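Only the coordinates and a few stated rules stand behind these numbers; no lab work does. Because the structure is a prediction, the values reported are computed rather than measured. Cβ atoms come from the backbone with ideal geometry, glycine included; neighbour counts cover every protein chain shown.
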């Protein structure tokens, strides 16, 4: 069965294409890209189901907002995957890696990566077992470095102290 989809009004189509091609998606975050693509897709769906006149304009506006929201959430979930890969490897490095040895992580879906390099463990004033660490995160060819301290909790997980 072939479904016919009415075309977008010329002004909306032109505006959507201008926005889509004037914003280089490679420079956007995943959340921004998802929002933009979702908004354009939502406008197209709204146009297809909106009928004519005012109803069509309302459907396009509603579709644009709904598509932007759905696209933004999809972009966030991809960022969550990066954080989850990093958190899993950070827990492993703090618990099992020798001091001064970098442990790597990478999200194969996004290509983002990083390292965690724990330092010697010590007991803090609150009698907690802690380790300082250096962490790098590489996104889009740019690498950032951070330093922090994590302490082992009663359940064996490590909690970032600063």
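Regarding segment 72-92, can at least one residue be identified that is within 21 Å of residue 161 (Cβ to Cβ) and in contact with a helix residue (DSSP H, G or I) (Cβ under 6 Å, 6 or more places away or on another chain)? Checking segment 72-92: not a single residue is within 21 Å of residue 161 (Cβ to Cβ) and in contact with a helix residue (DSSP H, G or I) (Cβ under 6 Å, 6 or more places away or on another chain).
Among the conditions (1) over 14 Å from residue 84 (Cα atoms); (2) under 23 Å from the mean Cα position of the chain (by Cα), residue 105 misses just one, which is (1).
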